[in-house]
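The values are calculated or read from the model by the stated rules, or taken from the named source; none is laboratory data. On a predicted model such as this, the values are computed, not experimentally measured, just so you know. Note: ideal-geometry Cβ built from the backbone for every residue, glycine included; neighbour counts use all protein chains shown.
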Amino acid sequence: MLAHAPRGYCRLVAEGVRGSLTKTCGMTDVSVRIATAADRDLLAQATLDNLNWNGSRFTMREVEDTPQVRHYYDGWPSNQDFGLVAEGCLCQPGPAPG
């Protein structure tokens, strides 16, 4: 989850995301941490996964070599970005809750 918001808001959002994941996934071992510049590879993989949502069409090499795609994670985080990484939650696609 990436969003533009003030840094002080990040911890509040992290707790909300953790509660949401616990409720929808039924897992209690979910931890949510603030993403850092060290998560670049994770963001690159998420970009690739989003591009390939309906089948394998792109490779990581193509993502890395295409500035129009790479800009989604290259140089992240700026001073206006924050990200959250949920760890310990494996959600399987299924019907929306409730």
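Mind listing whichever residues of region 40-62 are surrounded by 13 or more Cβ atoms within 10 Å (Cβ to Cβ) and either of a type in the set (Phe, Trp, Tyr) or at positive phi (or both)?
Phe58
I'd like the full set of residues that are at pLDDT 65 or above and in a helix (DSSP H, G or I), limited to region 18-48.
Those that are at pLDDT 65 or above and in a helix (DSSP H, G or I): Ala37, Ala38, Asp39, Arg40, Asp41, Leu42, Leu43, Ala44, Gln45, Ala46, Thr47, Leu48.
Within region 63-88, restricting attention to residues that are in a strand (DSSP E or B) and not small (Gly, Ala, Ser), which residue is surrounded by the fewest Cβ atoms within 10 Å (Cβ to Cβ)?
First, pick out the residues of region 63-88 that are in a strand (DSSP E or B): 81-87.
Pick out the ones that are also not small (Gly, Ala, Ser) and you get 81-82, 84-85, 87.
Details: Asp81: 14, Phe82: 23, Leu84: 18, Val85: 17, Glu87: 9.
The extreme case among them is Glu87.
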